[in-house]
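Note sheet for the following structure.
The values are calculated or read from the model by the stated rules, or taken from the named source; none is laboratory data. Given the structure is predicted, the values throughout are model-derived calculations rather than measurements. Cβ atoms come from the backbone with ideal geometry, glycine included; neighbour counts cover every protein chain shown. Calculation scope for accessible area: heavy atoms of the full protein, side chains included, ligands and nucleic acids excluded. Shrake-Rupley method; radii C 1.70, N 1.55, O 1.52, S 1.80 Å.
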Amino acid sequence: DTPKERGRAGGRRPIKFPAAKLGNSDELQVGDWVIAVGNPVGLDSTVTLGIVSSLTRSSAEVGIPDKKLSFIQTDAAVNYGNSGGPLVNEVGEVVGIATAIRPHAEGIGFAIPINKAKSILDQLSEGKTIQHAYVGIQLSTLNPELARQKNEDPNSPVVIPEVHGALVERVLPDTPASRGGLRRFDILVEVDGEKIRSAEEIVQVVDRTPVGQVLQFKLQRGDRVQTIGIKTEDLMERERKRREERERKLRDRLRRWRNNHNNNNPNNRGRGGDDESEEDDARGPMRRNRQPVPYPPPRWKS
């Protein structure tokens, strides 16, 4: 470019930053070498080496059950300040984003798979909200040996079929699962034609399902085998509604407290709690009911 063009741009050339190549996290295997890069506790450009310890740690196992995501577990040292830094494979490709650690533990760090980040990159760049599908059940892995152990318990409320699958431990109220007809002690053996042998497999299927899609759950309930269709919903929308409901209940409690306070205060007799003005609400009950304080006459010193 010419000096004139550089002057128009403030005399500075555009800076091209080096970009790391994104890899394929689906190709990772347990035992592969990985490197974590970051600034832990303010120590710039720290590099630590480790291996992949696990590939599908659920958010509940990581300690953040309100998220819907599977993590890569690594023993490469990840500390405070590593969050957002890359986890790279042995050829320098980014395969994860360092995200979390397990407090009071060593050699346990977690990273978001880079393929998950790539799948939502366009939505994030456009400022869109990321949706997370859910159905509203709590599960545990079931196999014939575990089923026999449960059936040998004289206090067991039901006889559990000795099969491989995912046992429904709880159906959350007002969720797609409760509206679809799932019940506690149902055994999920297949989802959309895919055989199920563990609870983690159910979580993975739901996580990669778009919100609003109907999943066909094949289940065993006692001696009967049946299929139930359940339409997934957005977990974030459910959390938003629950938060709004909690705030509404808090406001109602505060309003009742104010009404009771006004009715029990002799200085406010004859003044109903519902007649409070917005100005009174802003000042609060302590400010509104404050009475003038008589001061003693001044004492002069000679």
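Can you work out the FRET efficiency for the pair Ala19 and Asn39, with r the C-beta to C-beta distance and R0 = 30 Å, to the nearest 0.05? Write out the running numbers ahead of the final one.
Details: r = 19 Å, r/R0 = 0.63.
The formula returns an efficiency of 0.95 here.
With a ≥ b ≥ c the root eigenvalues of the C-alpha gyration tensor of region 106-234, is it rounded (a/c under 1.5), prolate (a/b larger than b/c) or oblate?
The shape class here is prolate.
At 0.36 nm per residue, minus the direct Cα-Cα distance, what do Arg197 and Glu27 gain on full extension? Give it in nm, one decimal, please.
59.0 nm
Could you work out what % of the accessible surface of region 123-240 is carbon and sulfur, using a 1.4 angstrom probe and leaving DNA, RNA and ligands out of the count?
Of the solvent-accessible surface of region 123-240, carbon and sulfur hold 46 percent.
Quick one: compute the contact order of region 79-157, relative version, from alpha carbon pairs under 8 angstrom and 6+ residues apart, as a percent.
15 percent
Could you tell me the convex hull volume per residue, in Å³, taken over the Cα atoms of region 162-202?
In region 162-202, the Cα hull volume divided by residue count equals 75 Å³.
Express in nm, to one decimal, how much length is gained between Glu245 and Leu172 on full extension, taking 0.36 nm for each residue of separation and deducting their alpha carbon distance.
Difference between extended and current length: 24.6 nm.
Classify region 61-127 as rounded, prolate or oblate from the Cα gyration tensor: take a ≥ b ≥ c as the square roots of its eigenvalues, call it rounded if a/c is under 1.5, otherwise prolate when a/b beats b/c and oblate if not. Intermediate values should be presented prior to the final figure.
Values: a/c = 2.08, a/b = 1.30, b/c = 1.61.
Because a/c hits 1.5 or more and a/b fails to exceed b/c, region 61-127 counts as oblate.
Please report the projected area of region 36-152's Cα convex hull averaged over all directions, in nm². Walk me through the intermediate numbers first.
Values: hull surface 41.7 nm².
Across all orientations, region 36-152 yields a mean hull projection of 10.4 nm².
Sequence gap at least 6, Cα distance under 8 Å: using those rules, report the relative contact order of region 173-261 to the nearest whole percent. Please report the intermediate quantities before stating the final value.
On the way: 83 pairs, mean separation 23.8, N = 89.
Relative CO of region 173-261 lands at 27 percent.
Please enumerate, by chain and number, the lysines with C-alpha under 20 Å from the C-alpha of Lys118, excluding those fewer than 8 residues away in the same chain.
Within the straight-line cut-off, Lys118 pairs with Lys21, Lys67, Lys68, Lys128.
Measuring with a 1.4 Å probe in the full set of protein chains, what accessible area per residue, in whole Å², belongs to region 51-102?
About 45 Å² of surface per residue is accessible.
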